[in-house]
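Everything on this sheet refers to the single structure shown next.
The values are calculated or read from the model by the stated rules, or taken from the named source; none is laboratory data. On a predicted model such as this, the values are computed, not experimentally measured, just so you know. Ideal geometry is used to build each Cβ from the backbone, glycine not excepted, and the neighbour counts take in all protein chains shown. These area figures cover heavy atoms from the full protein model, side chains too; ligands, DNA and RNA do not enter into them. Shrake-Rupley method; radii C 1.70, N 1.55, O 1.52, S 1.80 Å.
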Amino acid sequence: MVEEGGNEVPIDTRSVEEWLSHARELVPLALNKAREVKGFPGRWKTIISKLEQIPSSLSDLSSHPCFSKNALCKEQLQSVSKTVKEVIELAEFCVGEKHEGKLRMQSNLDALSGKLDLNLRDCGLLIKTGVLGEATLPLAMTGSSNEPEAASNGNIREVLARLQIGHLDAKHRALDSLVEVMKEDEKNVLSVMSRSNIAALVQLLTATSPRIREKTVTVICSLAESGSCENWLVSEGVLPPLIRLVESGSAVGKEKATISLQRLSMSAEAARAIVGHGGVRPLVEICQTGDSVSQAASASTLKNISAVPEVRQALAEEGIVKVMINLLDCGILLGAKEYAAECLQNLTASNDNLRRSVISEGGIRSLLAYLAGSLPQESAVGALRNLVGSVSMEVLVSLGFLPCIVHVLKSGSLGAQQAAASAICKVCSSTEMKKLIGEAGCLPLLVKMLEAKSNSAREVAAQAVSSLMTLSHNCREVKRGDKSVPNLVQLLDPSPQNTAKKYAVCCLGLLCSSKKCKKLMVSYGAIGYLKKLTEMDIPGAKKLLERLERGKLRSFFTRK
């Protein structure tokens, strides 16, 4: 760059103070030249108004304690100087009437006005948002044992700051640097990330360049997955541009945007906002047409959204029921099938219309087919449990409900077994169904469940056993089991945590007609438990206690 007096000074040798002095000298020259121009008075009046604001901005900038320590200040002064020089040059053209074409000059003046706006905005941003301090490495750290980490953090802060200032090309270069830094040092990036940095990234999501949008959403996806920035991302408006990327982004953009929404939708507030911003339809389309990763992420996002009761009808209106059943049948990844099952479980939890919709679309058949796998999932059994009360016994039997439930009770996780026992409780209202469930071999498996560590699992298993035992054939089946009486007596424990005790009393009452079972109950300590349960007014406890004590007294006299 050449000084006005003719002395050449290379740009990279000037100090920040020299650039400040240079910019201050240029502003009066530019104002004088601009005021001489007669043409385009409205546009030049706007430019003059913005030039008059520059000295104040430069003064604010130079008074910051970090002014001389920060490369961003020097670059900002270089940018201001360049813009002011352009004002001088353009004013000289206009005064000399050397310009070619009115429209071209109007365009040049508008562009120049935009550059001045950007310079003023960036000067203010450096001061007001704390970027200037963030992007300056504390000198006190030099020579300390933490110097490498401090230097790294300083570099990261500078990269983050550059996302907020300058032209789009400069921000693009900063974004490239951030992507590289995130690959190698994500932890430190997260440690220095601020809300203003998040806001700058969200703005870049709407850039006209597809490459910038793709790189930005890659960074945002990492931030969302880190679990440390969700609130900032949502409050800074990240959801609408993410949804637009799911709709029309590149393959990478769609994938990263969908994964970001998957993480953010774990918040009920964000889930509602995704629905409000029209996010359901593009997510449903990804479930139908996306690649394996995007499909699974989209299914997970819709599963998260379906956990919010008030938006379930909106999901149904976008055709989610049919799509989730299809995923259950044909999902590319096992994870997508699991998310689909969980989504169906949520949808059918409390809405009769949605239950009917799932049933009419063949949901029960698909759930049973999915559960035939080696590791039946709790969510699918839960969805099945929600549906079984809405169809006839004949339909359930014809679809293979009974062998499926036996398979779950044998091979499923404790949660899946618990859901299966709950489903049994729902369907065993008729004598015929109780008989079929008993004949299928469910009772020994339910009795074994009484040993579970989970209170809720023991309770639902005991409830299912007590309901099935009202049929004499099933009662005899339980009597034959070696573990039946010991397991049921253990469930007489009077502690508040044991919620299965009332069902255990009921079951033991049905077994009490057997002398062998009575003796076993007494030998395992049932009388002591029942005395406490009688004091607690547990239904049936007093009557069972009397029967056991009567039998014990009779055997005492017999021995005499």
**Asked** If you check SER360 against the conditions, is it more than 27 Å from the chain's Cα centre (by Cα) and among the polar types (S, T, N, Q)?
**Response** yes
**Request:** Specify the residue that is nearest to the chain's Cα centre (by Cα); the eligible residues are those in the range 419-435 that are open to solvent by 50 Å² or more (accessible area, probe 1.4 Å) and not small (Gly, Ala, Ser).
**Result:** LYS426
**Message:** Residues that are touching a residue at least 40 places away in the same chain (Cβ under 8 Å), at least 3 per element: which helices (runs of 4 or more DSSP H) completely within the range 455-560 meet that?
**Reply:** 455-468, 484-490, 501-511
**Message:** If a residue must be within 12 Å of GLN295 (Cα to Cα), open to solvent by less than 40 Å² (accessible area, probe 1.4 Å) and β-branched (Val, Ile, Thr), how many such residues does the range 306-356 contain?
**Reply:** 1
